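Visitor: If you scroll down you'll find the structure; I have some questions about it.
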Amino acid sequence: MGLAIERASLLSGLGLVQGIVERRTTVPILGHVLIEPDGNGLTLSATDLEVGIRTQVACSGKEKSLTLNARKLFEIVRETEGDEVALTTLDGDWVELKCGRAKFKMMGLDPRSFPAMPSQSTKDTGAAKKQLKAELAIPATVLAQMIDKTIFAVSPDEARYNLSGVFVESNAPGAVRMVATDGHRLAMIEREVPGFTMATGAIIPRKGLTELRKILDVGGDAEVRLSLEGQLAYLKRGATEVSMRLVEGEFPDYRGVIPKQSKYKIVVKRDLLFAAIKRAAIFSSERYHGVKFALSAGTLTVSSTSPETGEASESLDVDFKSEEFAIGFNASYVQQALGVIPQGADSTVELGLSDDVSPGVIRTETDQQYTYVVMPMRL
């Protein structure tokens, strides 16, 4: 009989699974989306064995389960112009797709070979993991903001697996803290969550959080529940659910990295500083992206220089009356921190500096529970 699916709904569902699907894999089935029809619609599933996503889409008709290349199917549905997509299975795992006046034939794979979504492992992973069991009930916008303000600081180096995600813990009863670091900078945010406790912290993988973040924008500011148990993190939002395996290993002792106090605290307009760094970075090294912050009486000068290409500098007015000194930072690291702070003429940031070898600290009056630490660099 075949399936009839509204094109817009199918396109939306396929868009959600694209971030999970493996682009380059030695296991072809991981590049496919599993389509499972039932009496009320169909379920689209994708997994890379570590992160999985499942979402439901309305449809009519009857058909057996099938798998299709997720990216090709997404491209077809996106480029066609009809209002409805018709799927019909043929012999030998072939599938016919019609939309408007366009018709396609795609080769699928045996749906029985599609791997299961990430789930609790029965193997022994140590007492610490067995004790992990927590449920974070939090408004969707609050969780989204916490992810946005930390995930960019996660290490991209896969070899440093214990830095490959965001660390979540309950630093005090009724509070949740998220921390991310790549060894060169650190982002930390806290929020009050009445009733939340967590016996031990957990590292949520960056890829899983990225996919989880996408579904938080759907459905307004209703409360969501992020469940953490054993090796698994899980969140369901409307018709979509995301599950992922937690990162194994111990997150480093980040508390010792955060300066207890800074010798100088310089308040500067967020937009002016962001623009000054962006312009100065034009002549920074393509490899190290270094810019210099030079402080003198009443002035913060942001500059960069390159023997091969040129130099740039820009001065900002600040309340500074101590001895002159300069410190170097990676421009991208500072810009990324400023990028998650609200823009606006009244938006300010506080730069906590001590000397040219101590970490710099960025805070903001609008969110005093957010702290960003960046290590200096030699220029």
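The values are calculated or read from the model by the stated rules, or taken from the named source; none is laboratory data. Keep in mind that this is a model prediction, so the values were computed, not measured. For neighbour counting, all protein chains shown are included, and Cβ atoms are generated from backbone atoms with ideal geometry for every residue, glycine included. Just the protein is used for accessible areas: all its heavy atoms, side chains included, with ligands, DNA and RNA removed. Shrake-Rupley method; radii C 1.70, N 1.55, O 1.52, S 1.80 Å.
Visitor: What are the ³J(HN,Hα) couplings of the stretch 367-376, residue after residue, when phi is run through the Karplus curve with 6.51, -1.76, 1.60 and θ = phi - 60°? Round to Hz, x for glycine and proline.
Guide: 8, 6, 8, 10, 9, 10, 10, 10, 6, x
Visitor: Could you calculate the FRET efficiency of residue 260 with residue 229 from 1/(1 + (r/R0)^6), where r is the beta carbon distance between them and R0 is 35 Å, rounded to 0.05?
Guide: Working: r = 35 Å, r/R0 = 1.00.
FRET efficiency, residue 260 to residue 229: 0.50.
Visitor: When only Cα pairs under 8 Å and 6 or more residues apart are kept, what is the percent relative contact order across the stretch 1-85?
Guide: 40 percent
Visitor: What is the distance, in nm, between label points placed 7 Å from the Cα along the Cα-to-Cβ direction at residue 311 and at residue 58?
Guide: Each label point is offset 7 Å from its Cα along the Cβ direction, giving 6.6 nm.
Visitor: Moving on. On full extension of the chain, what length is gained from residue 110 through residue 171, given 0.36 nm per residue of separation minus the C-alpha to C-alpha distance? Can you show the working numbers first?
Guide: On the way: separation 61, 0.36 × 61 = 21.96 nm, distance 4.70 nm.
That works out to 17.3 nm of additional length.
Visitor: Another question, then. Excluding same-chain residues fewer than 8 positions from residue 278, which lysines have a Cα within less than 21 Å of its Cα?
Guide: 149, 269, 292
Visitor: Which one, 351, 304, 334, is farthest towards the positive end of the dipole of the stretch 299-351 when Lys and Arg carry +1 and Asp and Glu -1 on their Cβ?
Guide: Farthest towards the positive end: 334.
Visitor: In addition: Using a probe of 1.4 angstrom, how much of the accessible area of the stretch 290-379 is carbon and sulfur, in percent?
Guide: On the way: 1970 of 4530 Å².
Carbon and sulfur atoms account for 44 percent of the accessible area of the stretch 290-379.
Visitor: Also: Roughly what would the spin-label model give for residue 294 and residue 161, points 7 Å off Cα along C-beta, in nm?
Guide: 4.7 nm
Visitor: If you don't mind, another one. Rounded to a whole number, what % of the accessible area of the stretch 130-217 do carbon and sulfur atoms account for, probe 1.4 Å?
Guide: Working: 1680 of 3450 Å².
About 49 percent, which is the carbon plus sulfur part of the accessible surface.
Visitor: Another question, then. What are the trypsin sites (Lys or Arg not before Pro) within the stretch 193-301 that DSSP puts in a loop, where the Cβ has at most 14 other Cβ atoms within 10 Å? If you can, show how the numbers build up before the last one.
Guide: Details: sites: 206, 207, 213, 214, 225, 236, 237, 245, 255, 260, 263, 265, 269, 270, 278, 279, 287, 292; in loops: 260, 263, 287.
Qualifying residues, ordered by number: 260, 263, 287.
Visitor: Between the stretch 267-332 and the stretch 1-68, what is the C-alpha centre distance in whole Å?
Guide: 49 Å
Visitor: Here is a further query. Pop a pseudo-label 7 angstrom from the Cα along the beta-carbon direction at both residue 378 and residue 236 and give the gap in nm to one decimal.
Guide: Using points 7 Å along Cα→Cβ, the separation is 5.6 nm.
Visitor: Turning to a different aspect of this structure: What accessible area per residue, rounded to a whole number of Å², is obtained for the stretch 158-284 using a probe radius of 1.4 Å? Display every interim value, and only then the final one.
Guide: Details: 5920 Å² over 127 residues.
Here the residues of the stretch 158-284 average 47 Å² of exposed surface.
Visitor: List the trypsin sites (Lys or Arg not before Pro) within the stretch 1-86 that DSSP assigns to loop and that have no more than 13 neighbouring Cβ atoms inside 10 Å. Walk me through the intermediate numbers first.
Guide: Working: sites: 7, 23, 24, 54, 62, 64, 71, 72, 78; in loops: 23, 24, 64.
Filter output for the stretch 1-86: 23, 24, 64.
Visitor: Can you give the accessible area of residue 163, probe radius 1.4 Å, in Å² rounded to 10?
Guide: Per-residue accessible area (residue 163): approximately 10 Å².
Visitor: Continuing with the same structure: Just by accessible area at a 1.4 angstrom probe, what is the order of 333, 370 from largest to smallest?
Guide: On the way: 333 45, 370 0 Å².
The ranking, largest first, comes out as 333, 370.
Visitor: With each run of n ≥ 4 DSSP H residues scored as -39500 (n - 2.57), what mean residue ellipticity at 222 nm is computed for the chain after dividing by its residue count and rounding to the nearest 500 deg cm²/dmol?
Guide: Details: 7 runs with 66 residues, N = 379.
-5000 deg cm²/dmol, from helical runs alone.
Visitor: Same structure, new question: Take the Cβ-Cβ distance between residue 49 and residue 358 as r, set R0 to 41 Å, and report the resulting FRET efficiency rounded to the nearest 0.05.
Guide: On the way: r = 42 Å, r/R0 = 1.04.
E(calc), rounded to 0.05, equals 0.45.
Visitor: Taking only protein heavy atoms and a 1.4 Å probe, what accessible area per residue, in Å², does the stretch 286-379 have with all protein chains in place? If you can, show how the numbers build up before the last one.
Guide: On the way: 5060 Å² over 94 residues.
For the stretch 286-379, the per-residue accessible area is 54 Å².
Visitor: Tally Lys/Arg at +1 and Asp/Glu at -1 over every other residue whose Cβ is under 10 Å from the Cβ of residue 272; what's the total?
Guide: Local net charge: -1.
Visitor: While we're here: What does a probe at residue 365 reach in the stretch 324-354, counting residues whose amide N is under 13 Å from the point 7 Å along Cα→Cβ?
Guide: 345-351
Visitor: Using a 1.4 Å probe on the protein heavy atoms, what percent of the accessible area of the stretch 75-115 belongs to carbon and sulfur?
Guide: Taking all protein chains in place, the stretch 75-115 shows 45 percent carbon and sulfur surface.
Visitor: Charges only on Cβ, +1 for Lys and Arg, -1 for Asp and Glu: so what's the dipole of the chain about the Cα centre, in debye to the nearest 20? Don't skip to the answer; put the middle values down first.
Guide: Numbers: 44 positive and 49 negative charges, 94 e Å.
I would put it at about 460 debye.
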